[in-house]
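Have a look at the structure below, then the notes.
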Amino acid sequence: MFEDKHITLTVSGSVAAYKAALLARDLQRAGAEVRVALTAGAAQFVTAETFAALTKAPVLTDETWWRANGQIDHIELADWTDLAIAAPASANLMAQLANGLADDAASATWLATAAPKVVVPAMNTHMWQAPATQRNRQQLVSDGVHVLTPATGQLAEGYAGQGRFLEPAEIVAQIGQLGLFVPQTLAGKHVIVTAGGTRERLDPVRFLTNDSSGKMGYAVATAARQAGADVTLITAPTKLSSPAGVTVVPIESTTDLAQAVLSRFPQADALVMAAAVADFQPEVVADQKIKKTTDNDEFILKLKKTPDILKEVATIKRPKQVTVGFAAETQNLLVNGAKKLHDKSLDLLAANDVSRSDIGFNGDDNQVTFIMADGVTDQTPKTSKTLIAQALIDRVAQLLATK
Ligand code: C5P
């Protein structure tokens, strides 16, 4: 994940400082070369020797800073850095970093580096919730720093609350998901992604919908953005927050979605239809709330077919454009998938078996079989929707490059 990347780990004064040693080791296992800057507070909890032995590199501390050796240590370390991680970041370190202080070796190095930055807070829950800390967090975020959310759980003080240092493996996973070193394979490309389950209204307060959470589509939009694309996410209502740097177009019904997709598709390089689109919609939408009546024990709802958006897209698709569909199947995955790919003139179809309870609609994991237009198929392992989305975006980039 971090092959050959230079990571500077800034460790500050927190009981969780001992876990930074495990984090350094996990980052190395993920391919990184790690160097450490210790604040004076951190040195109360852990020693420079531990980190020097683990990283096989000198550790920058206030004691070793400004030796008369002709080297400006904080600039040398800052220039070496590809990624700066402050973990654990105490309330005091967050305050220093948010305000651009450079009054010790660790904060001076941080200020001097232009590399991407991640802060992993760890502190007492009251210190975390203090308005000043939250203000500092906001400031860091608006400066472009990624601030991870501390865990809620048992604190060293003996009671539970938010402020716990995330487990090292979780930190590595969350930083990986930021996509900081993703190759810019979609730079200059416009990608439309659709997500979520459409809502087909019966009346002003009722609608038909499905189980789609939107997670797969949001993960695809994020992966496309991380690969450098200009992304438009057309989304049915979901509980998810908008991915950063993406243009979001909210829609409700299949008719809205069709309009939003067809009006934008001519300007796009690729379209990924991850939305779970209703196949039928009520023939009439009542203007007023449908009432129960005493003379009738049943209510018959007449449905009509929705427009097949990808089929309509196929009629206006230019040779250089790439279209990708999803197929949620409960049987004959490959046969039904291949048929959809041809019916809708797709370049790629991601088919998944929604009869399995461990993957699919609402979960964080998925397993899909990619079906290519030439009939080649490739099944992913069961893994996170984030990784599946990245694999899908790699394929989109390859398809665009060969068109
Ligand atoms: O519903 P179905 O399995 O046919 O969906 C396959 C693909 O077609 C999906 O990518 C879905 O978003 C898209 N679709 C569509 N218009 C519909 C139904 C599905 O574009 N009316």
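Every number in this text was worked out from the coordinates using simple rules, so none of it is lab data. Owing to the predicted nature of the structure, the values given are computational and were not obtained by experimental measurement. We place every Cβ from the backbone using ideal geometry, glycine too, and count neighbours over all the protein chains shown.
Using the per-residue mean of other Cβ atoms lying within 10 Å as a proxy for protection, in what order, highest first, do the peptides 37-45, 221-229 fall? Please list the in-between numbers first.
Numbers: 37-45: 21.1, 221-229: 26.0.
Listed from highest to lowest mean packing, they are 221-229, 37-45.
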Review point. Taking the Cβ-Cβ separation of ASN336 and TYR159 as r and a Förster radius of 51 Å, what is the calculated FRET efficiency to the nearest 0.05?
Key: 0.40
Study note, to complete from the structure: Here the relative contact order (percent) of the chain, from C-alpha pairs under 8 Å and at least 6 apart, is 11 percent
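Normalising by the residue count of the stretch 6-177, find the relative contact order in percent from Cα pairs under 8 Å and 6+ residues apart.
Values: 343 pairs, mean separation 39.6, N = 172.
The value is 23 percent.
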Review point. So which residue, out of SER90, SER263, SER345, gets the largest mean-square fluctuation from a GNM of the chain using Cα contacts under 10 Å as springs?
Key: SER263
Exercise for review: For the chain, give the share of DSSP beta bridges that are antiparallel, in percent and rounded to the nearest 5; count only bridges with both residues there.
Suggested key: 30 percent
Check your understanding: Please state the relative contact order of the stretch 190-402 as a whole percent: Cα pairs under 8 Å, 6+ residues apart?
Key -> 20 percent
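How do 117-125, 131-139, 251-259 rank on mean C-beta neighbours within 10 Å, highest first?
By packing density, highest mean first, the sequence is 117-125, 251-259, 131-139.
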Review point. What shape does the chain take by its C-alpha gyration tensor, where a ≥ b ≥ c are the square roots of the eigenvalues and a/c under 1.5 counts as rounded, a/b above b/c as prolate, and the rest as oblate?
Key: prolate
**Study point:** Proximal lysines relative to LYS291, as straight alpha-carbon distance under 30 Å, when same-chain residues fewer than 8 apart are discounted
**Key:** LYS239, LYS302, LYS304, LYS305
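With a 10 Å radius around each residue's Cβ, average the other Cβ atoms per peptide and rank 5-13, 152-160, highest first. Walk me through the numbers before you get to the answer.
On the way: 5-13: 25.2, 152-160: 12.1.
By packing density, highest mean first, the sequence is 5-13, 152-160.
For a quick check: sort TRP66, TRP80, TRP110, TRP128 by the number of other beta carbons within 10 angstrom, fewest at the front.
TRP66, TRP80, TRP128, TRP110
Can you list the GluC sites (Glu not before Pro) in the stretch 289-378 that are in a DSSP coil and have 12 or fewer other beta carbons within 10 angstrom? Write down the numbers at each step before the final one.
Numbers: sites: GLU298, GLU312, GLU329; in loops: GLU298.
Listed in order of number, the matching sites are GLU298.
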Point to revise | DSSP bridge orientation in the stretch 6-177 - percent antiparallel, rounded to nearest 5 | key: 20 percent
